[in-house]
Amino acid sequence: MNQQIFSRYIRLGFGLAVGLGVSAQLAAQTQEKKPDAVVTLEKFVSNETVGEDSVVPTVRPIGSVLGRDGSVLDAPRGVSTITKGQLEERNVQRIEDLSQLIAGAFTSPIFGNAGVPTIRGDLGEAYQNGQRKAFNRNSFPISFNGVEAVDAVKGAPPAFFGYGNATGGYVNFITKKPFFDRQRTTVRAVAGDWESYRWQVDTGGPINSKLAYRISYECSDADSFYRLVYNDSQSLYTALTYMPTSRLTLDFNAEYLRAHFTENPGINRPTQELVDQHLYITGSSVQNGGSGSLFGNTFTPTGKVKIDGSQTLLAPGDGADATVFNTQAIATLALAPDRTLVNRTYFESVAAEKHSSYYFYSYLPSSQTA
């Protein structure tokens, strides 16, 4: 027993000696490699330039969400900024296309056509350079011909923007600006399946040192996989910028849109069998013991039939037309390095008509917003 206790003491003493030796060695190495208290790095200067497709536009009215100046990044809101490069890369042509770039946003088309985004579960508003556009829930498709970038803000618009219908949030369309550096012209063409074609010519440049212009024309001739669904439109956008002095800038833009299209209302009574096997439930709807309104009816199934996936509730001759004209003038006067006076004037005129054999007839002879 004594021999075992002696052996344990020997092992314990040996372990303590080794541990002290390793600690002393680490302390010595640490003392030898101790860095200086202050490290001064050489000055770094980057001469790289940022491409124009990645530049965030300078017209940022939503940066003043609380009525004060500042960057849009300082706004106490959830803000998504979509640059020119992102719009072109993702081929954004409709309100529905913005959902992939805006967190918390989706599109719930009313009768197949979306005019405003849905943000945080509620309808949103649409603005142009900080001014509210006419509320367009489903009257006509939005034109992106004159749009250079988009800001999307979650939450109701602030009171100083004026009256609004929606509380989910809003998108602010930043329009194209004229070029003062040189003449530029861009031609784009897109062709897809189902005879879908779109082309655009965008040109602009300086007229003199104080005046510059920009013109963009876009035409769409697009059919669809879905039966009788199409979208034909033409849009002409113009912009002028005049800088009479170094402190005063006058911006003017206008767009004319003519659209002829059909809404895609989909199909009623969708089931999983319809999605997987194209099996549609047949039957008739009855209200109060007889035929009546389309709302609140009782449906009695009578069987199933196989239909093509391209079928929609459209009839030959169904269609919609819209004519939209808007113009905007913005005067910016620099009063001091940290003080600017801005005056914005906006006018929009809309006329629309749509007819559907299965749904309704809608006629908007004329609507003006100023």
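Every read-out reported here was derived from the displayed coordinates using simple, explicitly stated rules and does not represent laboratory data. Quantities reported herein were computed from a predicted structural model and do not represent experimental measurements. All Cβ positions, glycine included, derive from the backbone under ideal geometry; neighbour counts span all protein chains shown.
Data table
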quantity	calculated
Gyration tensor verdict on region 109-166 (Cα atoms; rounded if a/c is under 1.5, prolate if a/b is larger than b/c, oblate otherwise)	oblate
Extension gain (nm, one decimal) between LEU364 and ASP223, 0.36 nm per residue minus Cα-Cα	48.3 nm
Gain upon complete extension [ASP122, PHE44; 0.36 nm per residue less C-alpha separation]	23.4 nm
Sorted by Cβ density within 10 Å, fewest first, the residues GLU125, GLU348, GLU96, GLU42	GLU42, GLU96, GLU348, GLU125
Sorted by Cβ density within 10 Å, fewest first, the residues SER362, SER216, SER46	SER46, SER362, SER216
Highest average packing first - 154-162, 171-179, Cβ atoms within 10 Å	171-179, 154-162
Two-site FRET efficiency, THR107 against ALA37, from Cβ-Cβ distance with R₀ of 56 Å, rounded to 0.05	0.45
Hypothetical label at THR298: residues of region 259-278 whose amide nitrogen lies under 12 Å (7 Å Cα-Cβ projection)	none
Linear extension gain, SER357 paired with GLN100, 0.36 nm per residue minus alpha-carbon span	89.2 nm
Percent of alpha-carbon pairs separated by more than 19 Å within region 236-355	71 percent
Relative exposure of GLU273, GLU263, GLU148, judged by other C-beta atoms within 10 Å (fewest first)	GLU273, GLU148, GLU263
